[in-house]
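Read through the structure below, which is laid out as structure tokens, and then see the notes.
What follows is calculated from the coordinates using simple rules that are stated; it is not laboratory data. Not measured: the values here are computed from a predicted model. Neighbour counts run over all protein chains shown; Cβ positions are idealised from the backbone, glycine included.
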Amino acid sequence: MLKTIGERLFGGSCFLCRGKADALLCAPCDADLPRISSGPDAERCPRCALASPAGALCGRCLSQPPAYDATQAALDYAFPADVLIQALKFRGELALAPFLGELLSKSISDAKVDCIVPVPLSAQRLRERGYNQSLEIARGLSARSGARLAPELCERVRDTPAQMDLSIPERARNVGKAFHCPRMLGGRSIAVVDDVMTTGATLDEIAATLKRAGAARVVNWVVARTAPSHA
Ligand SMILES: [Zn+2]
Ligand SMILES: [Zn+2]
């Protein structure tokens, strides 16, 4: 008998509750994911994806516009989305990458980009972890959107301390001039893929780097967005 993908990868049990499942998650756990509604009635700032009444541009984006033009996020960074993202990032559960990539691709309303660029890890972190979770998520997005996966367009030029260990002002300083784009992008439209967007400082710096290289438009595609209280 043919097995479903969920049975082949996870022995037919839900990744979260271990109950019977024919996909990575059982139906109740899947329904528990804190999905962010997209579309015209979304109560999110279109630029940074934080909650904003009637989907208007938020105060922070109005007063200090970030270098990126838009952000699309699939989930709020809350239980059980945080469990999935941490398992992919820290426990090598790479089978979660296509699952999260598919969730993200379903939440993207404007998929017309030329290239998809995953947020790069430092060389040291890549050695320690053995993979870049954002690149793994981006693979499926490239296959589904038809845009070229182009990790070479953004290099991390110096190793930076992990953002999680730093305060917000430290995070902003920490990412300053941390990235480099080795090509001219001649008006291209780029999607930058990350697993979690917290302060947005890293994505702001990457968007600024890509725009200095000539990108016309830079959008963030992130699996999960933290609420301001986490930031
Ligand atoms: Zn379950
Ligand atoms: Zn905003």
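Which aspartates and glutamates does Lys112 reach when only Cα atoms under 15 Å apart count, and residues fewer than 8 places away in its own chain are ignored?
Cα-Cα hits under 15 Å: Asp69.
Each label point is 7 Å from the Cα along the Cα-to-Cβ direction; what then is the distance between the points at Ala123 and Arg60, in nm?
Label at Ala123, label at Arg60, 3.3 nm between them.
Using alpha-carbon positions, what is the distance between the centroids of region 199-231 and region 102-140, in Å?
The distance from the Cα centre of region 199-231 to that of region 102-140 comes to 13 Å.
Among the lysines, which fall within straight-line cross-link reach of Lys20, defined as a Cα-Cα distance under 24 Å, with same-chain neighbours fewer than 8 residues apart omitted?
Lys3
Counting each DSSP H run of 4 or more residues in the chain as -39500 (n - 2.57), what helix-only mean residue ellipticity at 222 nm follows after dividing by all residues, to the nearest 500 deg cm²/dmol?
Values: 9 runs with 79 residues, N = 231.
Taking each H run of at least 4 residues, the total per residue is -9500 deg cm²/dmol.
So which trypsin sites (Lys or Arg not before Pro) in region 7-106 end up in coil per DSSP with only 16 or fewer other C-beta atoms within 10 Å?
Taking region 7-106 and a limit of 16 other Cβ atoms within 10 Å, the loop trypsin sites (Lys or Arg not before Pro) found are Arg18, Arg91.
Say each of Arg183 and Asp110 gets a label point 7 Å from the Cα, pointing the same way as Cα to Cβ; how far apart are those two points in nm?
2.2 nm
So, with +1 on the Cβ of K and R and -1 on the Cβ of D and E, and no other charges, what is the size of the charge dipole of the chain about its Cα centre, to the nearest 20 debye?
Details: 29 positive and 24 negative charges, 109 e Å.
I would put it at about 520 debye.
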